[in-house]
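Peer 1: Sharing a structure, written as structure tokens. Questions coming.
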Amino acid sequence: MGKSVENPKKFIISCRVDDKEMDVLQSLAQERGVSISTLLRNSLTLLENNPGAHPSHA
């Protein structure tokens, strides 16, 4: 039986990234003291709260 958590995550999303993208993810996560998963969740929240942001145009 798994541990009980407040906000369980039941979906897994995966994607391929190149070396540069992985370096960026690892650096940003380390600077903020979070996991890459948490970094991506936080980024999603920022995008959700800022409808004017267009990451596809970065």
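Read the figures in this text as sums done on the coordinates, not as results from a lab. Small disclaimer: the values here were computed from a predicted structure and weren't measured. FYI the Cβ positions are ideal-geometry reconstructions off the backbone, even for glycines, and counts take in every protein chain you see.
Peer 1: Longest span of the chain, sites excluded, free of trypsin sites (Lys or Arg not before Pro) in DSSP loop with at most 10 other C-beta atoms within 10 Å?
Peer 2: The reported range is 17-58.
Peer 1: So what is the 222 nm mean residue ellipticity for the chain from helices alone, if each DSSP H run of at least 4 adds -39500 (n - 2.57) and you divide by all residues, rounding to the nearest 500 deg cm²/dmol? Present the calculation step by step, with values, prior to reporting the outcome.
Peer 2: On the way: 2 runs with 28 residues, N = 58.
Rounded to the nearest 500, it is -15500 deg cm²/dmol.
Peer 1: Given the options Gly2, Ser37, Val17, identify the residue whose Cα lies farthest towards the positive end of the charge dipole of the chain (+1 on Cβ of Lys, Arg; -1 on Cβ of Asp, Glu).
Peer 2: Gly2
Peer 1: Further, regarding this structure: Given R₀ = 35 Å, FRET efficiency for Ala53-Lys3 by Cβ-Cβ distance, to 0.05? Don't jump to the answer; show the numbers that get you there.
Peer 2: On the way: r = 35 Å, r/R0 = 0.99.
The value I calculate is 0.50.
Peer 1: Quick one: angle between helix 36-49 and the longest Cα principal axis of the chain, in degrees between 0 and 90, rounded to 10, please.
Peer 2: 70
Peer 1: A follow-up question, please. Can you match semi-axes √(5λ) of the Cα gyration tensor in Å to one of these, (1) 46, 15, 7; (2) 23, 17, 12; (3) 27, 14, 6, based on a calculation from the structure here?
Peer 2: The value computed from this structure is option (2).
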